[in-house]
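This report concerns only the one structure given below.
All of the numbers you see were taken from the coordinates with simple rules; none came from a lab. In this text the structure is predicted, and so the values were computed from the model without any measurement. All Cβ positions, glycine included, derive from the backbone under ideal geometry; neighbour counts span all protein chains shown.
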Amino acid sequence: MFATFVTFAFLAAALAPPYQPAPALAETAPVSSEDLQSLTVAGEYTNGVTRDAFSITDPPPPPSLAPAVGVPDPGTAQAIAYEMVVAKGWGANEFDCLVALWNRESHWNVYANNPSSGAYGIPQALPGNKMASAGADWATNPATQITWGLGYIAGRYSTPCGAWAHSEEVGWY
């Protein structure tokens, strides 16, 4: 008997519609003519809308991808790079990104060597002898290293700022 009662109770519960609370009735406030918008279309265009006070300002300029560095002294690796960047048609902001990138990588040291990875030179080519494609003096000549490095950046990231952004995001370029 108990089993029959439980079976019928289970079936009755399964077939009954689920409990749904009664929907709440929303209260609405009366609308006055002062709350409505108006627009005059003929002739001049006017808008009779009133609003709370607010102001619109221009957004601040986006932050530079890298700090500005200016034009380096002649004879330095950065001066060589500056001339090459300008010759490629890249702007001063691209040079700023390049300086920041290679400051991080090698501090512009033509002999910089990373013993754990084998990266070498100003652009930290991996392996260093990749730069031989830019000249046989790749191990000692900053111009050769910079030439190779700018070609690598252009081919992989389009611009020095593209390489800098990638380096900022993942820690390498």
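Observations on the structure shown:
- Neighbour net charge for G151 - beta-carbon separation under 14 angstrom, K R +1, D E -1: +3
- When only Cα pairs below 8 angstrom with a gap of at least 6 residues are kept, segment 77-170 shows a relative contact order of 26 percent.
- Computed on the Cα trace of segment 77-170, the radius of gyration divided by the Kirkwood hydrodynamic radius gives Rg/Rh = 0.93.
- Couplings for segment 88-97, taken from phi via the Karplus curve 6.51 cos²θ - 1.76 cosθ + 1.60 with θ = phi - 60°, read 7, x, 7, x, 4, 5, 5, 5, 4, 5 Hz in order; Gly and Pro are left as x.
- For the listed peptides 109-117, 87-95, a ranking on the average number of other beta carbons within 10 Å per residue, highest first, reads 87-95, 109-117.
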